[in-house]
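The values are calculated or read from the model by the stated rules, or taken from the named source; none is laboratory data. The shown structure was predicted, so the numbers you read here are calculated from the model rather than taken from an experiment. Here Cβ is always computed from backbone atoms with ideal geometry, including for glycine, and neighbour counts include all displayed protein chains.
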Amino acid sequence: MDKIIDLRSDTVTLPSPAMKAAIQSAVLGDDVFEEDPTINELERKVAALLQFDKALFVPSGTMSNLIAVLVHCGRGSEAIVGDRSHTFIYEAGGISTMGGVHSYQIPNLDDGSMDTDRIRAAIRDDNVHFPVTRLICLENTHNMCFGTPLKPGFIRETVDIARENNLRIHVDGARLFNAAAAQKVPAAELVDSVDSVSVCLSKGLSAPVGSLLCGSSEFIYHARRYRKTLGGGMRQAGVLAAAGIVALDEMIPRLEEDHNNARILADGLAQMKGIHIRLDQVHTNLVFFNLDSYRIEPHELVIQMEKRGVRFLQTGPNRFRMVTHYGIEQDDIVYSLEQLAHLV
Ligand SMILES: *Cc1c(COP(=O)(O)O)cnc(C)c1O
């Protein structure tokens, strides 16, 4: 086995040859002084792409979401979040521990949305007993809801609720470009009336490090200070931005390939007797499935597949996730399906 087919996540992607070349030749400066030309170029490029005043380069999606909540909310205020959202589950409770922001969790529906009546009902009245509602957070695509792109109608209705109630809206768009590719619309259209969005370079776009937080000039002014507070002010960070610039040009146009591979994978899984998969829940590059028969124990399946050179995640007692990404070719999908068929 010479090649490991690593389907655990799109975060395992390695920089392309063009990214490595760009890193080598990047023009650098001190970004805390706002003097790194490559960082400045990346920030301008992403702001223009998503049609925001400004963008800020930050080390991770987690820090990006935290900064957004810190800017939009004050201590003792409340942010409405989905109960399967990355911010609620996977960011170590940062909005509470670092920001003193209370979260109001609303159940996510399987399409990544939330019942808009429940969003309305969650907004607090002005009463000394209550925290003050300031923010609604959305996630697009929705990681724990099968990588589903949010429906434009849901986004529009949530924006209306926010405007009526003087709330802000932040979008965790770690995989926003996957949503745009799946729905065949420009990414800017998916965030055209929200207050801030965070996009990751290090997921499907395959850059080594970094996210961009976008918003108004005033929002980014405050975000820059919080980035410093959190220790995210980096110096010659243009070495990272150089790869990010290439990532935008090179990787956004090929996300559809990942989605096609995910579809081939899902169709193959659906044809296997021992596997249960909801094909209607495969929209982008994330594929979830269960074992239907117990010819093999769930944890044993992962071990046996690893021996055959295929890695993926067990995400529950009988639940698995495979993610397609740059570096995974159609042949790899065919090979993975063949090996799986032997075991289930
Ligand atoms: C990965 C991810 C993040 C966080 O990104 P990191 O760079 O790993 O901190 C945030 N939101 C979603 C939906 C993600 O998938």
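Here are the numbers for the structure shown:
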| quantity | calculated |
| --- | --- |
| MET251 touching a residue at least 40 places away in the same chain (Cβ under 8 Å) and closer than 22 Å to ALA179 by Cα | yes |
| Residue in segment 126-143 that is nearest to the ligand (Cβ to nearest atom), counting only those that are aliphatic (A, V, I, L, M) and closer than 18 Å to SER64 by Cβ | LEU138 |
| Residues within segment 74-94 that are of a type outside the set (Asp, Glu), surrounded by fewer than 24 Cβ atoms within 10 Å (Cβ to Cβ) and away from the ligand (no atom under 16 Å from the Cβ), tallied | 4 |
| Some residue of segment 163-171 being in contact (Cβ under 8 Å) with a residue 12 or more places away in the chain and within 15 Å of the ligand (Cβ to nearest atom) | yes |
| Conditions (1) farther than 20 Å from LYS228 by Cβ; (2) touching a helix residue (DSSP H, G or I) at 6+ places or on another chain (Cβ under 8 Å); (3) away from the ligand (no atom under 16 Å from the Cβ); number of the one not met by ALA48 | (2) |
| Close pairs from segment 294-323: first over 16 Å from GLU338 (Cβ atoms), partner among the polar types (S, T, N, Q) and in a loop (DSSP other than H, G, I, E, B), Cβ under 8 Å, at least 6 apart | PRO298/ASN318; LEU313/SER9; VAL323/SER9; VAL323/ASN285 |
| Test for GLU34: is it under 24 Å from the mean Cα position of the chain (by Cα), of a type in the set (Asp, Glu) and more than 16 Å from the ligand (Cβ to nearest atom) | no |
| Condition check for ALA207: at pLDDT 95 or above, within 15 Å of the ligand (Cβ to nearest atom) and part of a helix (DSSP H, G or I) | no |
| Per-region count, segment 23-71, residues in a helix (DSSP H, G or I), closer than 18 Å to SER211 by Cβ and in contact (Cβ under 8 Å) with a residue 12 or more places away in the chain | 24 |
| Residue list for segment 210-228, filter: of a type outside the set (Lys, Arg) and either under 29 Å from ALA18 (Cβ atoms) or not in a helix (DSSP H, G or I) (or both) | GLY210, SER211, LEU212, LEU213, CYS214, GLY215, SER216, ILE220 |
| Residues of segment 312-337 satisfying the condition of being surrounded by fewer than 17 Cβ atoms within 10 Å (Cβ to Cβ) and outside any helix (DSSP H, G or I) | LEU313, GLN314, THR315, GLY316, PRO317, ASN318, ARG319, GLY327, GLU329 |
| Test: residue in segment 103-115 that is out of contact with any helix residue (DSSP H, G or I) (no Cβ under 7 Å at 6 or more places or on another chain) and surrounded by 20 or more Cβ atoms within 10 Å (Cβ to Cβ) | yes |
| From the options SER198, SER216, SER193, residue that is among the small types (Gly, Ala, Ser) and either buried (at least 21 other Cβ atoms within 10 Å of the Cβ) or within 16 Å of the ligand (Cβ to nearest atom) (or both) | SER198 |
